[in-house]
2 protein chains.
Amino acid sequence: MSEKVFVSAEEVARKAGVSRSAVSRAFTPGASVSEKTRIKVMEAAEELGYHVNHLARGLMRNESGIVSLIVSDVATPYRSALLRELTQQLQAAGKVAMLINTDRSDGSVDLALRQAIRYRADASIILSGLPDKSIAQLCLRSGQRLVLINRDDDQPGPLRINLDDREAAGRVVTAFLRAGCTRLAFANSQAGTPSLMAREQGFVAAAKAQGLDVIVERHGSTGYEAGQIVAQRMLTRKERPDAVFCATDLLACGFMDAARHQFSLSIPEQLCIAGFDDIEQASWTSYHLTTFAQPVVTIAREAVTWLVEGWEDAPDGHALTLHADLVWRGSVRGG
Amino acid sequence: MSEKVFVSAEEVARKAGVSRSAVSRAFTPGASVSEKTRIKVMEAAEELGYHVNHLARGLMRNESGIVSLIVSDVATPYRSALLRELTQQLQAAGKVAMLINTDRSDGSVDLALRQAIRYRADASIILSGLPDKSIAQLCLRSGQRLVLINRDDDQPGPLRINLDDREAAGRVVTAFLRAGCTRLAFANSQAGTPSLMAREQGFVAAAKAQGLDVIVERHGSTGYEAGQIVAQRMLTRKERPDAVFCATDLLACGFMDAARHQFSLSIPEQLCIAGFDDIEQASWTSYHLTTFAQPVVTIAREAVTWLVEGWEDAPDGHALTLHADLVWRGSVRGG
DNA sequence: GCAGCATTTGCACACGCTTGCAAAAGCGGA
DNA sequence: TCCGCTTTTGCAAGCGTGTGCAAATGCTGC
């Protein structure tokens, strides 16, 4: 490709009439430099357009400043919101985010982690998929920090951030009962993600505890269309449910649209619906969906502070269970 | 932080009983190594969990493999869709994406580019904001490639990818006229982005060419709420518009919801609405919005191939105008 | 002016890799 | 076996930076 000609510390040193180490120290907070030479260096640097080469610095310091974010379905509302928060807070902490998209194949979480290792990322945050044990161990052995968000894995080492999905599902059941619903249903995708399954199982269990059975349907991937299709299946049954908990807001949106426009049901009068994630669309007037808020800023904060500061009390990873607040809107009666 | 101990080529060389150079060559496609030693090296590498240090490689090769994406409003449907496509295609081309979020301050595009320079990014793709001329020049002088997407800047050097916003706006006018509408309006945000303004001006101009005035309202940032507020303003006028072109699908969604639920208007019978971007929600049953599709995959493809291969015929940047296809749905009569 | 001390500076090595260059090894034919 | 040729290998220099160490400089109080 084109020959790159970045200006180096050498040139700045020459221009400022100091040694190269002086330049290096001028750009290293807390290093021993007199204010006078620091100024000289900074002026020369500014004039020449010098910027410290972080590749070289990372090589020396053994700390690249890079944190890799391993994500699939980046364009999804919840994922992109989390992404926004993570990049923001990483930057505020002086790190830089490397975004690795794992949409393609399935083993690509491993590929992504390999990429992270190649760039000597200080840490990797995994939002989707689950790495092979061996490669995860390799990361940890190499001194890389690992964060699993909503992955619900049990291997020690990484920081594992999860929500109280089960318990949240229980709260939905009581909300539905209080609304006078009796025929409960759970709409899920076939993704089989731990958090999705936890919501499903929590919902079914809590209903059973009240002596109620739950209609469960799973279809496709976790998106709007899947919600529509599940709705078609559920609402054509002879025993039509009167309260549906959707594993995800996207599913819920699809479900609501199908219920209203194909089956002319009014929500919440004839059908109560709850979702999970509190994506932006959930608050739109057309949906006004009662749902659980993902505490994205807390998630990001916990992840980033752990990465940056480390935790003394748990040198070897940690599990964190955050609370999902129920956001009452109009799709469930009562509230 | 924790001491990182990645395995180096040295160790692999020792284990495989070859020289360090042999290891390096084994991992360099097209380098001169016998198949026999390549195998030996690969086995040793696999066993030790060796991965080439791309920081060091980038230092030597003067090519980091990093491409920085400079974005604000990452969580927005259109932006995140473009992001998905870009990361995907960059990875397919052997590059890796560095995501820099510029939500915070306004001068932060410059800060972002500085960050890109520090990491010796091979290129930077700017999705939002506009860099200061001087810093952009610095990038180019340093041999960095620059892509501006929908920024509509005129400085030479970067690749500039834009849509035919003006012309698209003209097509909306004819569509509205064909639907029998006579009182046209344009809903915009106050962002004042070049592409948004181009749509507005194109719409106003095309209407004027037909002898029609246009009601223009601008409010806030380019989102759902702004759409609602603009709707409230427009629909409480004595001369209520019967066709509204929204600068953005998000604005359109807000506008539609306000029109339906606050003003009980039916779309498209009493009010025609068109948007721009073709975000996922535009296809949802509740909106079914007639809109222009951003050719995200084409945009990404053009950007990435230019970055990777360069263009001989235009060594020094280029401007590209892509076509936005009109997607007919139900929010405009006729079609 | 000078001893005693704290601060600043420069040298030189290290980080892990690529690559030009020359030496070594392989190979085919006489 | 030996020569000429091609392929493979190892050596060493270099990429741009950080940092320990010793030398140099500055400052204070006599």
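Just so it is clear, none of the values below were taken in a lab; they were calculated from the coordinates. Since the model is a prediction, treat every value here as computed from it, not as a measurement. Cβ atoms come from the backbone with ideal geometry, glycine included; neighbour counts cover every protein chain shown.
The table below lists the values:
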read-out	value
Listed residues A:Val41, A:Val109, A:Val96, most fluctuating in chain A (Gaussian network, C-alpha, under 10 Å)	A:Val41
Assigned charges on the beta-carbon of Lys, Arg, Asp, Glu; chain B dipole about Cα centre (debye)	360
Geometric extent, Cα atoms of region A:221-335 - Rg, Dmax (angstrom)	17.8, 58
Candidate lysines - alpha carbon under 24 Å from B:Lys208, same-chain residues fewer than 8 apart omitted	B:Lys238
Gaussian network model of chain A, springs between alpha carbon atoms under 10 Å - residue of A:Thr248, A:Thr28, A:Thr222 with greatest fluctuation	A:Thr28
Which of A:Val5, B:Val332 has the fewest Cβ neighbours within 10 Å, and the rest in rising order	A:Val5, B:Val332
Within region A:9-52: Cβ-based charge dipole about Cα centre, in debye rounded to nearest 20 (Lys, Arg +1; Asp, Glu -1)	180
Kirkwood estimate for region A:165-294, i.e. one over the average of 1/r between Cα atoms, Å	14.0
Added length on full extension, which subtracts the Cα-Cα distance from 0.36 nm per residue, A:Ser266 to A:Met42	74.0 nm
GNM top mover of A:Leu130, A:Leu113, A:Leu48 - chain A, alpha-carbon springs below 10 Å	A:Leu48
Chain A: antiparallel DSSP beta bridges as a percent of all, rounded to 5	5
Förster radius 35 Å - calculated FRET efficiency between A:Glu35 and B:Ser8 (Cβ-Cβ, nearest 0.05)	0.35
Alpha carbon convex hull of chain B, volume per residue in cubic angstrom	177
Region B:58-116: C-alpha gyration tensor shape, a/c 1.5 cut-off, then a/b vs b/c	oblate
Positive-end residue, chain B charge dipole about Cα centroid, Cβ charges, pick of B:Cys246, B:Tyr78, B:Val33	B:Val33
Of A:Lys36/B:Lys133; A:Lys4/A:Lys40; A:Lys95/B:Lys133; A:Lys4/B:Lys36; A:Lys15/A:Lys95, pairs whose Cα-Cα distance is over 28 Å	A:Lys36/B:Lys133; A:Lys4/B:Lys36; A:Lys15/A:Lys95
Förster radius 35 Å - calculated FRET efficiency between A:Ala179 and B:Arg240, Cβ distance, rounded to 0.05	0.35
Relative contact order (%) - criterion: Cα under 8 Å, at least six apart; region: region A:192-288	24
Exposure proxy order (Cβ contacts within 10 Å, fewest to most) of A:Glu302, A:Glu269	A:Glu269, A:Glu302
Paramagnetic reach from B:Val327 in region B:240-259 [backbone N under 11 Å; point 7 Å along Cα→Cβ]	B:249
Computed lengthening from B:Ala209 to B:Asp164, 0.36 nm per intervening residue step minus Cα-Cα distance	14.4 nm
